[in-house]
1. Check the range 167-186 and report whether any residue there is of a type in the set (A, V, I, L, M), part of a loop (DSSP other than H, G, I, E, B) and either closer than 24 Å to Y20 by Cα or in contact with a His (Cβ under 7 Å, 6 or more places away or on another chain) (or both).
2. From the list A188, A128, A141, which residue is under 19 Å from the mean Cα position of the chain (by Cα) and farther than 30 Å from A52 by Cβ?
3. Only one residue in G33, G22 is at positive phi and not assigned by TED's automatic domain parsing to the domain that holds I100. Which one?
4. Since K119 meets every condition but one in (1) part of a helix (DSSP H, G or I); (2) out of contact with any strand residue (DSSP E or B) (no Cβ under 6 Å at 6 or more places or on another chain), which condition does it not meet?
5. Is it the case that the range 78-94 has a residue that's more than 19 Å from M180 (Cβ to Cβ), touching a residue at least 40 places away in the same chain (Cβ under 8 Å), surrounded by 15 or more Cβ atoms within 10 Å (Cβ to Cβ) and assigned by TED's automatic domain parsing to the domain that holds E181?
6. Being part of a helix (DSSP H, G or I), more than 24 Å from M179 (Cα to Cα) and more than 17 Å from the chain's Cα centre (by Cα) is true for just one of F50, F54, F69, F8. Which residue is that?
7. Given L171, L136, which one is among the hydrophobic types (A, V, I, L, M, F, W, C), closer than 24 Å to F76 by Cα and out of contact with any Ser or Thr (no Cβ under 7 Å at 6 or more places or on another chain)?
8. Out of all the residues in the range 20-41, which are under 15 Å from A98 (Cβ atoms) and surrounded by 15 or more Cβ atoms within 10 Å (Cβ to Cβ)?
Amino acid sequence: MTTEEKIFNAAKIVFHKKGYAGARMQEIADEAGINKAMLHYCFKNKQVLFEAVFKKAFHQLAPKINQIFQSDSSLFEKIKEFTNSYISFVIDNPYLPAFIIQEMNNNPEFVVSFLNDEKRPNPNLLIAQIEREIELGNIKAIKPKQLLLNIFSLTVFPFAAQVLVKGILHLTDDEFNQMMEERKTSIAQQIINSIKK
C-alpha cells in the first residue's frame, strides 16, 4: 500500500468518526502510521486532504450513478437501483453530505468544479426516459426534473441533517443506520407509488 493510500484510508476513518470539523491532521497521521510532517508533505492542510478524499469518493459514485441512468432497465428499476446505490454509498461515506453543504456556503468554487467534472452524473437519458413513459401513459404527468429532485431530496436529507433527524426521532446511531437501510427500498416504493397510473 502506498503512503497516499494509507493517508486516504486513515482520513476516511477519522472523518467518519469525527466529521470534517472535529478531525485533526495529527489523528490522521497516527491512523496512517506516518509522522505529521509526511502528511503535510503530501497534503498541505486538512481542507486539501478532505477535497482529495471527496473527489476520490465522488469518482467512485459517479460512474455507478451514470451506469444506472444509462442502462436499459425500466424506469421503476432505475429508481430502485439509484436509491439503493446512493444510500449504500453515503452509509459508507457519512461525512460527505455535511461537507458538501459546508462547501456550498464557504467554498462554492470547489462544488462547481466537481459539478463540471466530465464524470459527473448525467441525468439526460433518464429525463428522456421519464418523458417517454409519460407520453406512453405509463406514469402520471410529472415534470422529470421535479421527480429527480424528489428522489434526491428523500435520499440526501436524512444524512445532511443527521443530528436533527436523530434528535427529533430519538434515534441511536444503530437505529438511524437501520432506518437508512430500510429507506433503500421504502423511498423507491414511495416514489413509484406516487407516479404509477
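The values are calculated or read from the model by the stated rules, or taken from the named source; none is laboratory data. Quick caveat, the model's predicted, so the values are computed rather than measured. In this analysis, Cβ positions are derived from the backbone assuming ideal geometry, glycine residues included, and neighbour counts consider all displayed protein chains.
1. Scanning the range 167-186, I find at least one residue that is of a type in the set (A, V, I, L, M), part of a loop (DSSP other than H, G, I, E, B) and either closer than 24 Å to Y20 by Cα or in contact with a His (Cβ under 7 Å, 6 or more places away or on another chain) (or both), so the answer is yes.
2. A188
3. Unique residue meeting the criteria: G33.
4. (1)
5. Residues of the range 78-94 that are more than 19 Å from M180 (Cβ to Cβ), as a first pass: 78.
Now narrow it down to the ones that are touching a residue at least 40 places away in the same chain (Cβ under 8 Å): 78.
Remaining after also requiring surrounded by 15 or more Cβ atoms within 10 Å (Cβ to Cβ): 78.
Now restrict to residues that are assigned by TED's automatic domain parsing to the domain that holds E181: 78.
Yes.
6. F8
7. Being among the hydrophobic types (A, V, I, L, M, F, W, C), closer than 24 Å to F76 by Cα and out of contact with any Ser or Thr (no Cβ under 7 Å at 6 or more places or on another chain) holds for just one of L171, L136, which is L136.
8. Once the filter is applied, which keeps residues that are under 15 Å from A98 (Cβ atoms) and surrounded by 15 or more Cβ atoms within 10 Å (Cβ to Cβ), the range 20-41 yields Y20, A23.
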